[in-house]
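Notes follow once the structure below has been shown.
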Amino acid sequence: FLKEHPDSPQSSSMLNLLVIDTLSIGGYDPGRVVELLEKMARLRTKGGDLTGLFLVEDYYLPHHLSPESAWQVLARTRQALEASGQLRWKRGDFLGQPWNGTGDLASHLLLDEGRVLLEQKDYAAALNKLRASQARREKQGTLLSLRDPAKGTVRYLPAQASDLSWLHLSMAEAYAGLGNRAAALGQLEWVRGTGTPSELFDERS
């Protein structure tokens, strides 16, 4: 179908089915899957500029596919989002928000970039991205917090949100990779008791 109808509006759906079926049978060629994902990333689909985020989160990261390819997909995604002004959106500006969790689109992209850098074992660069994602959430007031009205101090608390669990687990992994065991354990404390988003998360933690 793809060979006979290269310009079909169904191409993205066909590629997605190929990826899903290939991953489900086992013994697949990772390079072939990456090739299909890169084709999907180049298509203008109903996901628009956000397609790259879906591909990285649904396929690249869970299946440990080429982090170099995943980074290129995210780089093109960032470029497109910057050009369209979407990274300036606040969390409530996009009623059809396709991601689940805290923070705005820029926070979400930073988290994904940090996770891909972890796959590349670039722990310092990953930690910088993850800290930037956390700082945006704190500034926006999207993290659960307590404020002392007299002293003006703020204490941030763990919250049961999928992306926050991934943020803190990823920060723990980055700190561990940099040899800072105490900081890694401190990040894992944020996750304890808040619930976990998936079996993949349990396995990684």
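The figures follow:
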read-out: Where N is the number of residues in the stretch 13-71, Cα Rg divided by 2.2 N^0.38 Å; value: 1.03
read-out: Whole-Å semi-axes of the ellipsoid equivalent to the stretch 102-173 (Cα gyration tensor, √5λ, descending); value: 24, 11, 11
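Each value in this text was obtained by applying a stated rule to the coordinates, not by laboratory testing. All values reported here derive from a predicted model rather than from experimental measurement.
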